[in-house]
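Beneath this line is the structure, given in structure tokens, with notes to follow.
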Amino acid sequence: MTAPRPTVLERWNPTVKLATVLLVSTAALLVTDPVTPATGWLLTVAALLALGRVPVRTLALAHVPFVVFATSLLVVNVVTRPGGDPVTLGPLTVGADGLAIGAALALRTLFVGSLSLVLVLTTDPVRLMTSLHQHARLPATWTFAVLAAHRLLVELPDAWHTIRCAQAVRDPRRRRGRLPRSPRSLGAAAFALLVGAVRRSERLTVALESRGLGSGPRTTSRPVPLGVPDVVAAGAVLALAGALVAVGMVAGWVTGIGALTA
Amino acid sequence: MTEPRTTSPRPHDTHAQPPDLAPDRSGPASPPRPSLRRGLTLHETVLVAVLGVVFGFVYWAFVQLWAPLQLAMGPLADLAANVLAGAWIIVGPLATYIVRKPGVGVLAETLAALVEVVFLASPAGPLLLVVGLVQGVGAELPFALTRYRRFGWWAFVASGVSAALVTFAFNAVRFGWLGQDYALLRLGIQVVSCVVLCGLAARLLGDALARTGALDAFAIGAARRG
């Protein structure tokens with residue numbers, strides 16, 4: 001690849017990385033206090049910057065959708081969840097319960113979002129699929145079907161543009177340099193894109209079959225290594241998460257799902 | 001057309017009734033489907049992969065469009081999440097409708113989630129994989145109960161209701177809907193949304209796709225030829 005030298009997070013086996021990230025973000029669901037996800041988020045961001053060498057700018061931009069989502073969660077919980085002591089926020093007075101749970105859910109969104117950035121920013125899709133085939137026993141047919149479909153995904157924007165231009169050419173009321181913008185034409189273009197994709201899947205099948213897919217065991221051209229360090233890293237992350245919750249339990253700030261209805 | 005047919009085409013016999021109107025029931029006329037027991041053919045695998053990837057992209061694009069809207073609507077935005085809840089599940093019933101084999105809907109929905117998370121970075125994070133699994137299972141359950149034989153309108157309504165209930169239970173924990181003032185209103189909106197946007201829309205889309213002839217090699221095409 002073009003990267004000068006893969007970072008620690010990039011070298012981490014993708015299957016192990018996916019499993020760890022999935023486990024931690026599922027476990028995060030069970031915690032409803034603000035402190036635990038906040039700490040987790042800070043640790044993940046630190047790991048991305050230090051171990052993944054992700055530029056700060058990229059990281060900040062990638063956080064925009066999470067912040068939007070988190071704000072929405074915070075606002076809705078503050079508005080719809082009365083109870084607790086009144087808290088004065090400038091001109092507004094809100095319930096403490098809504099504020100605490102809203103903040104917890106918002107911080108959880110940031111935490112889980114940053115975990116997904118670990119996957120997206122430091123994993124090569126082809127490497128992930130190869131590793132899933134090697135280490136998670138994903139059948140070869142599925143591996144190659146998804147990889148082929150991924151190729152199709154890359155070409156989807158071009159196909160979309162071609163369809164839109166074809167629509168514009170056939171539109172009697174077109175103006176130069178403008179694509180038709182009615183919802184009807186957008187829907188028609190989306191449907192054409194879908195039909196085209198289905199038809200391409202038939203050609204992909206022929207291509208895969210002609211390469212002997214499904215006729216026996218296969219070898220892998222660029223195997224992804226899986227070693228002791230990969231597993232140790234996963235263990236370390238899980239131990240850290242466990243320690244975080246344990247400390248919170250001893251200190252008394254960790255709350256479970258029961259807090260939602262209490 | 002040089003594409004090989006993986007399911008044997010049946011001869012056109014009668015065009016007695018337009019298949020769009022009559023709910024197709026596998027009456028005594030249709031021969032038993034021999035492929036139900038076996039796994040997916042390569043042809044079907046690739047189709048499910050492509051459907052998953054394309055819809056993963058569509059969902060992701062919708063999420064991007066929706067985010068600014070969500071911020072603009074403020075507190076109502078979270079209710080809007082319930083209005084659109086069904087839209088994120090459409091590929092499950094669609095894939096089941098086309099291929100008519102166990103597990104296809106779950107696979108397609110999970111794959112769409114995988115594409116969103118790993119290839120496109122969704123704000124919902126890796127958890128979306130679990131969400132996709134839950135949505136797929138919810139939507140496929142009614143079809144599994146009919147042993148993948150009934151694909152009339154009611155089957156799709158049942159699929160929508162089931163998807164709504166299952167995803168609501170999951171999201172009640174995930175987003176803290178439990179204990180909010182509108183929890184029941186949310187449930188109602190979500191059921192309607194899932195029936196319309198997931199169940200009925202999947203059937204309409206499947207019929208429209210089948211009408212183009214692109215699906216002739218799959219179970220849905222065979223059923224249409226009857």
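The values are calculated or read from the model by the stated rules, or taken from the named source; none is laboratory data. Given the structure is predicted, the values throughout are model-derived calculations rather than measurements. As a convention, Cβ positions derive from the backbone with ideal geometry for all residues, glycine included, and neighbour counts pool all protein chains shown.
Against the test of being buried (at least 16 other Cβ atoms within 10 Å of the Cβ), in contact with a Gly (Cβ under 7 Å, 6 or more places away or on another chain) and within 20 Å of B:Phe57 (Cα to Cα), the options A:Ala159, A:Ala197, A:Ala145, A:Ala189 yield a single qualifying residue, A:Ala159.
Only residues that are of a type in the set (Asp, Glu) and in contact (Cβ under 8 Å) with a residue 24 or more places away in the chain were counted in the stretch A:162-185, giving 0.
Residues satisfying the criterion are absent from the stretch A:36-48 (criterion: over 18 Å from the mean Cα position of the chain (by Cα), assigned by TED's automatic domain parsing to the domain that holds A:Val232 and closer than 20 Å to A:Ser131 by Cβ). When A:Arg174 is tested against the conditions (1) under 29 Å from the mean Cα position of the chain (by Cα); (2) at pLDDT below 85, the lone failure is (1). How about the stretch A:200-222: which of its residues are among the charged types (D, E, K, R), surrounded by 13 or more Cβ atoms within 10 Å (Cβ to Cβ) and either more than 11 Å from chain B (Cβ to nearest Cβ) or touching a residue at least 12 places away in the same chain (Cβ under 8 Å) (or both)? Hits for the stretch A:200-222 are A:Arg200, A:Arg218.
Restrict the check to the stretch B:74-92 and report whether at least one residue is in contact with a helix residue (DSSP H, G or I) (Cβ under 8 Å, 6 or more places away or on another chain), modelled with pLDDT of 90 or more and assigned to a helix (DSSP H, G or I). Yes. State whether the residues of the stretch A:177-186 include one that is over 21 Å from A:Ala136 (Cβ atoms), surrounded by 12 or more Cβ atoms within 10 Å (Cβ to Cβ) and within 28 Å of the chain's Cα centre (by Cα). Yes, the stretch A:177-186 contains a residue that is over 21 Å from A:Ala136 (Cβ atoms), surrounded by 12 or more Cβ atoms within 10 Å (Cβ to Cβ) and within 28 Å of the chain's Cα centre (by Cα).
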